[in-house]
Amino acid sequence: MNTTNLILIKLALATPWLIWLSVCDCRRHELPNRLTFGGAAVMAAVALAAGLDYLLMSLTVAFLSSLFMLLPFYLRAAGAGDVKMMFAAGLTAGPGVASDSLINTLNLLLLISFAGIILAVVMLAMKWVNTARLKHYLRCIFDWRYDRAEGRKSMPPKDTEACRVPFGVAIAAGLWCNLLIQLAYMV
C-alpha cells in the first residue's frame, strides 16, 4: 500500500472518530471504551493491511505513547480513558513516514503536549476552570513565605467539574496534527 494513501485513509477514518471522542470528553468528561477500543481496532486493521511489520511498529508506538500517560494516571491527574486514548492515538499515528517508531512517538507526544498547553491556556482565559489550584501550586514553588497548609484548605476538591480539563481534546488535536505532518512530509 502506498504511504500517502495509508495516511489519507487514516485521516479519513480518524477525523470523525476524534471529533466524537472530543465531544464526549467535553460534555461528560469520559472517553467511552467502545469508542477508544473500537477506533484502536479499526486502526489496527488498517495497519495490518499495510503489512505485519507496520502493525508491529504501530503497536510499539501505541505502547510507548500510553506509557506517557501512566504517571499522570497514577497521580490522578488523568483518567483511564486518557491512557486508552493515548494507546489508540499511538496505534493510529504508527511509525510515521520514516518508519522510525521512536521519532514519531516523540513527535506525537510533543504535539499532544503543545495541544494540552494551548487547551489549558484557553480554558484559563475563558474562566472555564478554577484557577485556585494553579495559584496554590505556583505560590508553593515561588513564594517561600506561603502557608501551604492554609492554602490547601481554600482549594476546591480535585473531582469537581471546575478542575477538570478534557485532555482527550488535546490528544485528538495532537494526533490529527501528527497525521497532517506525515501527509505534508510525503507531498
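Observations
- In segment 148-162, residue modelled with the lowest pLDDT [restricted to those that are small (Gly, Ala, Ser) and surrounded by 13 or more Cβ atoms within 10 Å (Cβ to Cβ)]: Ala162
- Exclusive hit being part of a loop (DSSP other than H, G, I, E, B) and charged (D, E, K, R), set Arg76, Arg34: Arg76
Per-residue answers, yes or no, for (1) within 30 Å of Val187 (Cβ to Cβ); (2) crowded, with 18+ Cβ neighbours inside 10 Å; (3) touching a Phe, Trp or Tyr at 6+ places or on another chain (Cβ under 6 Å):
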site: Pro16; (1), (2), (3): yes, no, no
site: Ala50; (1), (2), (3): yes, yes, no
site: Ala62; (1), (2), (3): yes, yes, yes
site: Leu75; (1), (2), (3): no, no, no
site: Thr92; (1), (2), (3): yes, yes, no
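- Close Cβ contacts (under 9 Å, 6 or more residues apart or on different chains) running from residues in segment 97-125 that are on the phi > 0 side of the Ramachandran plot to residues that are part of a helix (DSSP H, G or I) and aliphatic (A, V, I, L, M) comprise Ser99/Met57.
- From the list Ala120, Ala88, the lone residue that is part of a helix (DSSP H, G or I), in contact with a Gly (Cβ under 7 Å, 6 or more places away or on another chain) and surrounded by 15 or more Cβ atoms within 10 Å (Cβ to Cβ) is Ala88.
- Within segment 42-68, residues that are under 22 Å from Pro16 (Cα atoms) sit with their Cβ atoms under 8 Å from residues that are crowded, with 19+ Cβ neighbours inside 10 Å and among the charged types (D, E, K, R), at 6+ positions apart or across chains, in these pairs: Met43/Lys10; Val46/Lys10; Ser66/Lys84.
- Candidate set from segment 102-117 (those that are buried (at least 17 other Cβ atoms within 10 Å of the Cβ) and more than 10 Å from the chain's Cα centre (by Cα)); member that is modelled with the lowest pLDDT: Asn104
- Yes/no for Ala88 being out of contact with any Lys or Arg (no Cβ under 8 Å at 6 or more places or on another chain), free of Cβ contacts under 8 Å to residues at least 24 places away in the same chain and of a type in the set (Gly, Ala, Ser): no
- Of all residues in segment 138-147, those that are surrounded by 13 or more Cβ atoms within 10 Å (Cβ to Cβ) and either at pLDDT below 75 or assigned to a loop (DSSP other than H, G, I, E, B) (or both) total 1.
- Where a residue in segment 1-13 is β-branched (Val, Ile, Thr) and its partner, wherever it lies, is in a helix (DSSP H, G or I) and surrounded by 15 or more Cβ atoms within 10 Å (Cβ to Cβ), with Cβ under 9 Å and at least six apart: Thr3/Ala50; Thr3/Gln182; Thr4/Leu183; Ile7/Leu179; Ile7/Gln182; Ile7/Leu183; Ile9/Val46
- Meets criteria (in a helix (DSSP H, G or I) and either at pLDDT below 90 or in contact with a helix residue (DSSP H, G or I) (Cβ under 9 Å, 6 or more places away or on another chain) (or both)) for Leu48: yes
- Sole residue being under 30 Å from Arg148 (Cβ atoms) and part of a helix (DSSP H, G or I), chosen from Ser113, Ser66, Ser58: Ser113
- Meets criteria (within 15 Å of the chain's Cα centre (by Cα), crowded, with 16+ Cβ neighbours inside 10 Å, outside any helix (DSSP H, G or I) and modelled with pLDDT under 80) for Val165: yes
The values are calculated or read from the model by the stated rules, or taken from the named source; none is laboratory data. Predicted, not measured: the structure shown is a model, and the values here were computed from it. Neighbour counts run over all protein chains shown; Cβ positions are idealised from the backbone, glycine included.
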